[in-house]
Amino acid sequence: MGDDPQLTHVTLVWREGQHEDWIKFGNPVAERIRSRSERIESYMAGQVFALVRWASNDYGTVRSTLDIVQAVGLGEHCATVPQVDPGGELLLSVHGWPKVAQVFRLIDAIEASGIDPCGVAPEHWRHIHNRMAGRLTPREYTPARQQAWLQRKALLP
């Protein structure tokens, strides 16, 4: 798909009112426009991004998904994620507009506290995924939690 095998490539398609993909958050290192309705964004290993996929037909919405993915390095094990080449570490995955909207609100709360969602601890996205799967309320991600994550991250190899 992409030119650099070291990168994770995400294909985004936009056909107004039919099939709309977008990145809720993420900092791509490269972008390539393939056509008026398709582009590819590329991420380095370790980067986190949120991919939203929505589709409808004459009867209404047929798909609403949000996946928070961490890009992987060349040769690393990864999950297969639609439109993500070669795949990635799937931190959170929700289906259905009510759950997608709930995660949007959680992301908005993180941003409102001054934290870039790209730098949130991967464990927090897994926590949200698991709590939502169990129909429980996820814990709030606070600046104190972010500081603890950054300190722990500094100690990792």
Check: So if R0 is 41 Å, what FRET efficiency would A45 and D108 give, r being the distance between their Cβ atoms, rounded to the nearest 0.05?
Finding: 0.90
Margin query: Counting only other residues whose beta carbon sits under 12 Å from that of E111, what net charge do I get with K and R as +1, D and E as -1?
Written below: 0
Notebook entry, point to check: How would you classify the range 82-129 from its alpha-carbon gyration tensor, with a ≥ b ≥ c the square roots of the eigenvalues: rounded for a/c under 1.5, else prolate if a/b is greater than b/c, otherwise oblate?
Noted result: oblate
Next item on the list: Between W22 and Q83, with labels modelled 7 Å along Cα→Cβ, what's the label distance in nm to one decimal, could you check?
Entry: 1.2
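Rounded to two decimal places and with Rh computed the Kirkwood way over Cα pairs, what is Rg over Rh for the chain? Please report the intermediate quantities before stating the final value.
Working: Rg = 16.0 Å, Rh = 16.4 Å.
Rg/Rh for the chain comes to 0.97.
Before rounding to the nearest 500, sum -39500 (n - 2.57) across all DSSP H runs of length at least 4 in the chain and divide by the residue total; then give [θ] at 222 nm in deg cm²/dmol. Provide the component values of the computation, followed by the final result.
Working: 3 runs with 41 residues, N = 157.
Rounded to the nearest 500, it is -8500 deg cm²/dmol.
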Checklist line | For the range 63-151, the spread of Cα positions along each principal axis, largest first, Å | finding: 34, 33, 21
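So, by mean Cβ neighbours within 10 angstrom, what's the order for 46-53, 71-78 with the highest one leading?
The densest-packed peptide leads the list: 46-53, 71-78.
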Check: For the range 115-157, what is the convex hull volume of the alpha-carbon atoms per residue, in Å³?
Finding: 73
Notebook entry, point to check: Which number comes out as Rg/Rh for the range 23-89 once both Rg and the Kirkwood Rh are worked out on C-alpha atoms?
Noted result: 1.01
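Coordinate-derived values only; no laboratory data. Fair warning: this is a prediction, and the values are worked out from it, not measured in the lab. Here the Cβ is made from the backbone with ideal geometry for all residues, glycine too, and neighbour counts use every protein chain on show.
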